[in-house]
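The values are calculated or read from the model by the stated rules, or taken from the named source; none is laboratory data. Note that the structure is a prediction, hence the values are computed from the model and not measured. For neighbour counting, all protein chains shown are included, and Cβ atoms are generated from backbone atoms with ideal geometry for every residue, glycine included.
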Amino acid sequence: MPKITADDGVALHYEEAGEGTPIVFVHEYAGDHRSWEMQLRFFARRYRCIAFAARGYPPSDVPADPARYSQDRATDDIAAVIRGLNLAPAHVVGLSMGAFATLHLGLRHASLARSLVAAGVGYGAAADKRAQFHAETDATIARIRAEGMAEMGKVYGHGPTRLVFKEKDPRGFDEFLTQLCEHSTEGSALTMQGVQRQRPSLFDLKDGFAAMTTPTFIIAGDEDDPTLEASLYLKRTIPSSALLVMPKCGHTMNLEDPDAFNRAVLDFISHVDAGTWRNRIPGSLSGGIIR
């Protein structure tokens, strides 16, 4: 199995398909490298596509030390994949946990990114939701350790923002749930503790986002309530960004509506590669309603 070694020695499994301009796919907490199969099949027809499994997700290493899991580590792992495969600058497409890391890549390693796609991003970011988010993550960690992912995955996979996926595509949802229940119990608990729970709020990073110039595409599902306000905030803050809200769509939009997701991302990166993706017109930020 091909692997890249991260800066701290952790081995990261990756899969590759296609050739051309590189796209790196960064998965969500409930996914892994397999979650991007429908994107690899679509984009590999014209791009070099890489999907990797985050640390804690076999066949990548599962470090036992809690200190090896953090938002910075997750971000640096994307950088390690890009550098290790000589991909820079690459288009980077992240979902949820992967979208947080993708945005942080834009803040900390902008030279490695040709563009950024941040889909389903914002869980627990709002100030009035931080305590609730921490309480829910603590309870989830306890259940993962007590029940194991083979059982707790069934509960986590039926979260409120995923029910529309089950409704519209039961077969696809069953595949997603099967893969989720195969995750490492220890890796899942440590990732929830070190990456998810401890990451900084997006709203505390406003100055950095306001200075970003990397083309950025934010995607939200209109039934993924915890991400809607954060997505609007990112659109209003990052001058090089655009926002797409996908109708009747929950959290796992690349699996729920792969055709719409793929076409939207293709249109975005085609503009970037053509040099026609532009920052927001300053005059449109005057605050006026009519003029």
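Overview of values
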| quantity | calculated |
| --- | --- |
| Members of segment 92-146 that are in a helix (DSSP H, G or I) and of a type in the set (Gly, Ala, Ser) | Gly98, Ala99, Ala101, Gly106, Ala110, Ser111, Ala127, Ala131, Ala135, Ala139, Ala142, Ala146 |
| Pick from segment 239-291, criterion hydroxyl-bearing (Ser, Thr, Tyr) and assigned to a loop (DSSP other than H, G, I, E, B), ranking: nearest to the chain's Cα centre (by Cα) | Thr252 |
| Condition broken by Ala17, with the remaining ones in (1) over 27 Å from Thr161 (Cα atoms); (2) aliphatic (A, V, I, L, M); (3) out of contact with any Asp or Glu (no Cβ under 9 Å at 6 or more places or on another chain); (4) crowded, with 19+ Cβ neighbours inside 10 Å satisfied | (4) |
| Yes/no for Thr213 being among the polar types (S, T, N, Q), at pLDDT 95 or above and closer than 24 Å to Ile144 by Cβ | no |
| Tally, over segment 46-76, of residues that are closer than 19 Å to Ala99 by Cα and in a helix (DSSP H, G or I) | 6 |
| Residue in segment 47-54 that is closer than 21 Å to His251 by Cβ, touching a residue at least 60 places away in the same chain (Cβ under 8 Å) and either hydrophobic (A, V, I, L, M, F, W, C) or out of contact with any Gly (no Cβ under 8 Å at 6 or more places or on another chain) (or both) present | yes |
| Hits in segment 31-52 (condition: surrounded by 24 or more Cβ atoms within 10 Å (Cβ to Cβ), hydrophobic (A, V, I, L, M, F, W, C) and within 26 Å of Gly159 (Cα to Cα)) | Trp36, Ala51, Phe52 |
| Subset of segment 19-49 (residues that are more than 14 Å from the chain's Cα centre (by Cα) and not charged (D, E, K, R)) | Gly20, Thr21, Pro22, Met38, Leu40, Phe42, Phe43, Ala44, Tyr47, Cys49 |
| Some residue of segment 101-114 being crowded, with 23+ Cβ neighbours inside 10 Å, β-branched (Val, Ile, Thr), touching a residue at least 40 places away in the same chain (Cβ under 8 Å) and touching a Ser or Thr at 6+ places or on another chain (Cβ under 8 Å) | no |
| Hits in segment 111-142 - residues which are hydrophobic (A, V, I, L, M, F, W, C) and within 24 Å of Phe261 (Cα to Cα) | Leu112, Ala113, Leu116, Val117, Ala118, Ala119, Val121, Ala125 |
